[in-house]
Every structure is written in C-alpha cells, then in structure tokens.
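Contents: one structure, followed by commentary.
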Amino acid sequence: MTSKNIVVLGASFAGLPMTHYLIKHLPEEYTITLVSPSTHLYWNIAAPRAIVDPELLGKGKDDLFIPILPAFEKYPSGRFTFVQGKAVSTSPETNTVTVQTINESMDVKQVNIEYLHLIVATGSSTAGGDWAFKAAGSGTDVATRAALGSTRDKIAAANRIVISGAGATGCELAGEIGSKYHKSGKHVTLLSSASGLLPAAPPSVGKAAEGHLTKMGVEVRNNVKVTSETKKGDVTELVLSTGETIETDLHIATWGLVPNTSFMPKDLLDGSGWIVTDKYLKTPTHSNIWALGDVTHWGNRGIGAVAEHYKSVSTNVLAAITGKDESSFNEYKHKDDLALIVPLGPWFGRGTGILFGWKVWGVFAWALKGRTYMISMARPIVEAA
Ligand SMILES: Cc1cc2nc3c(=O)[nH]c(=O)nc-3n(C[C@H](O)[C@H](O)[C@H](O)COP(=O)(O)OP(=O)(O)OC[C@H]3O[C@@H](n4cnc5c(N)ncnc54)[C@H](O)[C@@H]3O)c2cc1C
C-alpha cells in the first residue's frame, strides 16, 4: 500500500506553518510527520540581544523558545506525529527518510519513515561556530540555551572582543555589546572584509551603522578579514589579511551560512549544498520532494522569503496530493529586493536598514525591530494563530 504520510523536516519558520497547513487542509486519511531535533521554536532573530543580555528583551525573553507540541494538541489524534531527531539520509527510490532520534536519555536510534511527499525545511547554520545565532549543537533547545549562556559568559569575561563579519548579525552583535559594556573598558573591534559595514546595502546604510557603533566606542575596521586564528591559552591570536597579528580574548565570527542538507542526495543540491528547486519549489527530478526557506538555492534568506515560499509549497503540495497538475500550481516569483532592519543596541533611535529601496531612519529601525526584536511574532508562528 502506498504511504499516505507527508513528512516535514525542520520545525522553524518554514516547517511549522507548513505542518499546520497540511493538517488543516489535507483529507483525513493523510497523516503528517514532523521531524525536528528541537521541541521548541527558537526566535533566533533576537539572538544578538539574547546572547548579550536576554533581560533587555523584557517579557519577550520568555518567548525566545516556544514549545511546539502544545500547539498541535488541538488536532484529532492520529493525524500528526512528532519525531524528535534529525534526518540523516533520504532515499527517493524507496520514498524513505532515515531519522536519528533524540530522546531524554540520549539513546541514539535510527528509524525509517516512509513518505508520500517529503517537505524539506531544514534551513541553515552559521559557518563561524556555535555561538547560538541559530540552533546550536545537537539542535535541541537545551543545547541552544547552553550555547547562548556560554557565549554570554565569554563576552562578559573578555576585555578584548573581535567580531569578524559586518553583515546584519555582526553589526547587531557589536551594537548590543557596545551598548551594554560601553563604560566597562571592554574593547570591541568589528572587522568588515568589504569597504564598509552591511555590504549588501547601499554605502549610506553602512555609514549610518558605522556612525552609531563608533559613538558607542566600537572600533570599526573596513577592508580587513581574519586569515587564521590560533588559541594560546586564554588569548586568541588572529592573523589579518593586512599582515598584522592581533591578540584578543574572544573572536566571534559572524559571517556565512551553511545549508543543513547533509542527509539529501547530492544530485538534488547545487555546488554549495543548497537544494535546487524549480519554480514550484519541488526538486526538478522528484515530483514529491519539496523545499522551502533558507535551505533552497534561491538566496535572499530571511523570513520574508520563507513566507513567499510557503505560499507556493502549501498550494502545490495540496494540489499534487489531490490529483491536480502543474497548471493549478502556484509559481514562486523570486525577488532579490533587500529588506534589512538592523538595530544597534536597545537604545532609542539606534539602528539603520533598507526597506523598499529606502534607507531606514534609526528611529524606525528601533521602533520596528530594536525595541523588542519582533519577538511577539514568534507565538503566532508556533500556534498558527
Ligand atoms: C542572528 C540572525 C538574525 C536574523 N535576523 C533576521 C531578521 O531580522 N529578519 C529576517 O527576515 N531574517 C533574519 N535572519 C534569517 C532567518 O533566521 C532565517 O531566514 C530563518 O531562520 C529561516 O527559517 P527556516 O525555517 O528556513 O530555517 P531555520 O530557521 O534554519 O530552521 C531549520 C530547522 O531545521 C532543523 N534541522 C536542521 N537539520 C535538520 C535535519 N537533518 N532534520 C530535521 N531538522 C533539521 C534545525 O534545527 C532548525 O530548527 C536572521 C538570521 C540570524 C542568524
């Protein structure tokens, strides 16, 4: 008998809304299995502040991690199964995904799960280490909370901090550390390998960020990157592309994303490991394997893109299951427009960004994101409210 099980891999901004949608819209005989290493959604958008001082998120700090399972109790039993674990391999020939489960006693077990359709929403991880900008370690909320705490302790203990990578994450982190510790004597250096900060945005946006950060005592250096790093006891020695060697107590690399796709057949990935999809967001060679969110090859990774992907995948999976052909599919229209809001600490008016091609004033960046890191958006994602 053909399986009537739809498997969703990953329970974050992309996977959670998809799972709710499928349970709500698929005929009753279909079941949905959600696979995730974490039982909680991590609002990693607020990571730069949570890493430095979660108390600055106010009541929002309670929503940094939101439990997933209570939000699925409202559905009829038998429709939905949650498997805590990580996909480790996929066999499109047998329509099976193998999952390494995680349980409280940390016994490692592998289970094979058959699928009628496979929806991959496993996102990305940061290339520069487990600082908790995204789910950390094994991916459980326990591991991510531990990584948050460990990064926070290291920042508190360090007198000299080098942040390499001056995209949004690097600038936001520099702003949070600069605001909290500006009177403490900590020396924070932010290195940009480009000619300015926030190189994806027009230069005026990077200049605004540089102005704010410099005022709070952050040393900004452009056109320089770290070429090697050596730990010498408590001190880290960094060799820079300028040929200089500098010492620091802590080096936090914030550049780069890597795809979470080690379990996917290589012929479904591009040269950098992202899943290649067609305009319907299914893989070109397998009409029952879909991808959405950061994990796709489309780029412009952010929650706006996730929402656009969701519109197509939700419509198209439902259409495919109910026997409709591609003429009723929703076409994903990729946009490369940059939407970037970059708060630079919790202080009023500190921040910059670009929205609809316009530079964002500090006061707007603060009001839109810097005040609360938009944490009130987390619960509706989990609860499909
Ligand atoms: C510090 C920071 C701040 C950001 N701020 C913003 C912002 O302000 N605005 C914005 O639009 N974007 C922002 N982003 C980008 C945003 O976080 C991503 O676009 C978003 O997380 C993508 O969601 P996703 O569901 O596709 O993937 P992810 O959020 O990466 O989630 C993937 C999930 O899949 C799980 N997973 C991984 N491997 C497996 C596996 N093998 N099996 C099963 N599950 C697996 C992971 O543990 C994770 O839970 C920020 C990113 C960072 C790092």
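The values are calculated or read from the model by the stated rules, or taken from the named source; none is laboratory data. Remember, predicted model here, so these are calculated numbers, not experimental data. Here the Cβ positions follow ideal geometry from the backbone for every residue, glycine too, while neighbour counts run over all protein chains shown.
Structure notes:
- Boolean, G137 is closer than 28 Å to D63 by Cα, not in a helix (DSSP H, G or I) and not assigned by TED's automatic domain parsing to the domain that holds S314: yes
- There is no residue in the stretch 200-216 that is more than 26 Å from the chain's Cα centre (by Cα), assigned to a loop (DSSP other than H, G, I, E, B) and not aliphatic (A, V, I, L, M).
Results for (1) over 22 Å from the mean Cα position of the chain (by Cα); (2) modelled with pLDDT of 95 or more, shown as yes or no for each residue.
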| position | (1), (2) |
| --- | --- |
| T245 | yes, yes |
| T254 | no, yes |
| L268 | no, yes |
| W290 | no, yes |
| G293 | no, yes |
| G299 | no, no |
| G304 | no, no |
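- Test: residue in the stretch 327-344 that is closer than 25 Å to L257 by Cβ, of a type in the set (S, T, N, Q) and touching a residue at least 12 places away in the same chain (Cβ under 8 Å): no
- 1 or more residues farther than 23 Å from F133 by Cβ and not hydrophobic (A, V, I, L, M, F, W, C): qualifying strands (runs of 3 or more DSSP E) within the stretch 237-293: 245-248
- Restricting the stretch 333-385 to residues that are of a type in the set (G, A, S) and surrounded by fewer than 18 Cβ atoms within 10 Å (Cβ to Cβ) leaves a set whose member that is farthest from P70 (Cα to Cα) is G357.
- Selection from the stretch 262-315 of residues that are in contact (Cβ under 8 Å) with a residue 40 or more places away in the chain, within 9 Å of the ligand (Cβ to nearest atom) and among the β-branched types (V, I, T): V295, I303, V306
- Qualifying strands (runs of 3 or more DSSP E) (wholly inside the stretch 1-120; at least 1 residues being among the basic types (K, R) and within 14 Å of the ligand (Cβ to nearest atom)): 80-91
- Here the condition is being assigned by TED's automatic domain parsing to the domain that holds G175 and away from the ligand (no atom under 14 Å from the Cβ); of G351, G323, G357, it holds for G357 alone.
- Flag for A166 being surrounded by fewer than 17 Cβ atoms within 10 Å (Cβ to Cβ), at pLDDT 95 or above, over 14 Å from the mean Cα position of the chain (by Cα) and not in a strand (DSSP E or B): no
- Where G78 falls short, out of the listed (1) surrounded by fewer than 17 Cβ atoms within 10 Å (Cβ to Cβ); (2) over 19 Å from I45 (Cβ atoms); (3) in contact (Cβ under 8 Å) with a residue 60 or more places away in the chain: (3)
- Test: residue in the stretch 147-157 that is within 12 Å of the ligand (Cβ to nearest atom) and farther than 17 Å from T254 by Cα: no
- Qualifying positions in the stretch 333-345 - in contact with an Asp or Glu (Cβ under 8 Å, 6 or more places away or on another chain) and within 14 Å of the ligand (Cβ to nearest atom): K335, V342, P343, L344
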